[in-house]
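Let me begin by presenting the structure, written as C-alpha cells, before commenting on it.
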Amino acid sequence: MTDEHNTCEGGGAGFIGSHLCKRLLSDGVKVICLDNFDSFYDPSIKIRNVEEVTKKSPELFEFVTEDIRNPEHLKGFFQRSCATTYVDFIRARRMYGYQPRVRTEGR
C-alpha cells in the first residue's frame, strides 16, 4: 500500500460512511475518516461504527475528529492527509440548509 491510494472520507462514522470504510479497507485502501460525531443521530451509534471499523484494519484506518465548519482545521487536515480521493457523505445535510465551502490549494 502506497500513499498514492489513500482515501479521505468525510462523515465516515455514519451508517453509509462506515460501510464504505469497511469496503475500502477490505480492498486494501488506506482510509482517513473525518467526523465530528454531531447529534444528527445518536453519536453513540457513530462511535460504535468507528470502533468496529478500527478493529477491522487498524493499520489502514485513521480516524480524525474534526468539524468541517471550521475552515482552518479542515485546511490543515487536507494538507497533512496525503489522500488522493475524497468522499463526502455530508451533502445530505444540504436539505437542512448547510453547505460547506472550503478551498485548499492543490486539492
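The values are calculated or read from the model by the stated rules, or taken from the named source; none is laboratory data. Predicted model only: the values in this text are computed from it and were never measured. Cβ: placed from backbone, ideal geometry, glycine included. Neighbour counts: every protein chain shown.
Which of the residues spanning region 21-64 are among the small types (Gly, Ala, Ser) and part of a helix (DSSP H, G or I)?
The initial filter retains those residues of region 21-64 that are among the small types (Gly, Ala, Ser), namely 26, 28, 39, 44, 57.
Listed by number, the residues that qualify are Ser26, Ser44.
Candidates are the residues of region 15-58 that are under 13 Å from the mean Cα position of the chain (by Cα) and of a type in the set (Phe, Trp, Tyr); the one that is surrounded by the most Cβ atoms within 10 Å (Cβ to Cβ) is Phe37.
What residue, of Val87, Val50, Val29, is at pLDDT 75 or above, among the hydrophobic types (A, V, I, L, M, F, W, C) and within 14 Å of Cys8 (Cα to Cα)? Talk me through it step by step, then tell me what you get.
Details: Val87 fails: at pLDDT 75 or above; Val50 fails: within 14 Å of Cys8 (Cα to Cα).
None of the other options fit; the residue is Val29.
Taking residues in region 60-77 that are without any contact (Cβ under 8 Å) to a residue 60 or more places away in the chain and on the phi < 0 side of the Ramachandran plot, and partners anywhere that are of a type in the set (A, V, I, L, M) and in a helix (DSSP H, G or I), the pairs with Cβ atoms closer than 7 Å and at least 6 places apart or on different chains are Leu60/Leu25; Phe61/Leu25; Phe61/Val53; Phe63/Val50; Glu66/Leu74; Ile68/Leu74. Scan region 68-83 and give yes if some residue there is at pLDDT 90 or above and of a type in the set (S, T, N, Q), otherwise no. No.
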